[in-house]
1. If you place +1 on the Cβ of every Lys and Arg, -1 on the Cβ of every Asp and Glu, and leave all else neutral, what size is the dipole of chain A about its Cα centre, to the nearest 20 Debye?
2. Would any residue of the stretch A:215-246 have its amide N under 20 Å from a label point 7 Å out along Cα→Cβ of A:Lys36? List them or say none.
3. Can you count the Lys pairs in the stretch B:1-128 with C-alpha separation below 27 Å, eight or more apart or on different chains?
4. Counting partner chain Cβ atoms within 10 Å of every residue's Cβ in B:127-136, what's the average?
5. Using only the alpha-carbon atoms, how far is helix B:93-104 inclined from the longest principal axis of chain B? Give it as 0 to 90 degrees, nearest 10.
6. With an 8 Å Cα cut-off and a minimum separation of 6 or more residues, compute the relative contact order for chain A in percent.
7. For the protein assembly as shown, what does -39500 (n - 2.57) per DSSP helix run (n ≥ 4), summed and divided by total residues, give at 222 nm, in deg cm²/dmol to the nearest 500?
8. Per-residue accessible area for A:Arg121 at 1.4 Å probe radius, Å² rounded to 10?
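The values are calculated or read from the model by the stated rules, or taken from the named source; none is laboratory data. Values in this document were obtained by computation on a predicted structure and should not be read as measured data. A quick note on method: Cβ atoms are made from the backbone with ideal geometry, for glycine too, and the neighbour counts reach across all protein chains shown. The protein model used for the area step is the full one, side chains on, heavy atoms only, and it has no ligands, DNA or RNA in it. Shrake-Rupley method; radii C 1.70, N 1.55, O 1.52, S 1.80 Å.
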Amino acid sequence: MTHIILREKDVPNIRELDVYLANEGFDGLKKAVSMKPSEVIDEMKRSNLRGRGGAGFPTGIKWSFIPQSEPVKYVVVNADESETGTFKDRQIMENNPYQMIEGALICAYAIQATAVYIYLRGEFWDIAHDLDERIEAARAQNLVGDDILGSGYSCEVYTHLGAGAYICGEESALLNSLEGLLGQPRVRPPFPAQKGGGLYKEPTVVNNVETLANAPYILRVGGEKFAELGTQQSTGTKVICVSGHVNKPGNYELEMGKHTFRDLIFEMAGGIPDGKGIKAILPSGGSGPIVPATDEVLDTKLTYEDCQSIDTILGSASVMILDETVDITWAASKMTKFFKHESCGKCTPCREGTFWLDKVIDRILRGEGKRSDVELINNVAANMQGTTLCALGDFAANPILATIRHFPEDFYAHVDGDDEKAPVKAAGD
Amino acid sequence: MANPLADKYADRIQKHMSKYPDKRSAVMPLLYIAQEEYGWLSPDAIVQVAEICEMDPTQVKSIAGFYTMYRESPKGKYWLQVCTDLPCALKGADQFHHDLLAHLGIEEGGTTDDGMFTVEHVMCLAACDRAPMLQCNFGYVENLDMDKMKELLDKWRKEAEAYANAD
């Protein structure tokens, strides 16, 4: 397959502006500025592209929420990539940075934004400084800044570095962080697209790096042609990050619906090291429910809807592979420590819930837990679901509930000397 | 009140300020500048940044404390943040982190007596395909094992000594 996003695999040095320009670079933006802004949004709607940051919201529809009557509007590129196991945006920005910049400008033109801010996690320090230089190189070719490509449309592109906080990948926390406030989520409505809810209270589109990197291709070939790739509900390709127990970890860009988890793990990623068996898959980093590696799961196609049918999510497609030696209680503890550390502390159920989950799982791991502690985890996690301003509370709860639902024996193996024998019923069952 | 940061970094500060419609948004880039100047965010550095951004020092301090990349206390010359999150841990990062601490003879979060190395464990750094890995100050070092790490520690120590002798 020819890559749409990871184009450096087909075109070496596409990170350089001259190479990018010689390979259809900025043709999408040229096409866009020859159209009416509303036509660009229609093209995106026809593509049925869904947001690649995790939520999968239709991109064209998101852009269409922006009220055109407002004089000041913004595009914010979410390059805070912090989900455990996700490293695709980093590769895109390192190897095909102009495509993201072009995509952001297409979005900016479509909503007639006055500026683009690229919010990068602080650890992407070198990438941000590299992007600054590339933005200037693009400016020298009249692709950024005043009167872009002679269209009369002007837009600035800026980078902004975070400083190490997972929560800033949540769009309203990101906007607060960018405004110099604490990076904590906002109460919604108003939503970012609405007056009062976006950056500096102006209507704002917040899109993930990979989402925007699709826009140049969509404009170039047309939304309908793009939608021929993948399935009806999952159009296009998806960059899948594979990590953990595989021989060839890395990013694989696949047409959606064409490949299964089995293809991904055993063909592309080279299988499990040392001939070991596979125990479980985390399809969407730490925040998506774990699934046992049954034949049914392995034969599931990589699409939003197919992942839903096995009670998990495709999300940002950060696929972590756990081999047969992994104690799922330990993995649950790792995920819980992550969310405990990254909880911003604003909402009580998340702040307290992650603290107690961690405490109880640690107790179980130390062999000091009781059988009733497993039920206690379910209870605490269930009380975090749907009770917080942002999704972090749910993200912290869902994986734990799923680990117990699918691998109760891993938890019970630690709690010998049971104080009660009641069978555990996972919340939601 | 004298504000050495405002004087010394006037151009860079202005460049950041020009990106945003309000001064407050420049607080994060300015904290990085302060950290670069003083090595950490001392109470005096916080006050200076607050003054430039027209914020209350308490607000600036809370922002400095919210993120992991701002140094609220002095650190070693090489600040090593080892990722021990799940994908790295599946590749032996916990053992690597433990061995690194033992090799340097320090506890988690501690600094070597010569002030050279601080070691902390951190959450996912988006380099899961190259585990184990760590962030040394602002750069990534990937696909690590202890042999490779010991060579790097020696190299960094020599570099720091050469730098000190050159002064």
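1. Computed charge dipole of chain A: roughly 800 debye.
2. From the stretch A:215-246, the list is A:219-220, A:222-224.
3. Summing the qualifying lysine pairs gives 11.
4. 4
5. That works out to roughly 90 degrees.
6. Averaging sequence separation for qualifying contacts and normalising by length gives 15 percent for chain A.
7. -12500 deg cm²/dmol
8. Accessible area of A:Arg121: about 10 Å².
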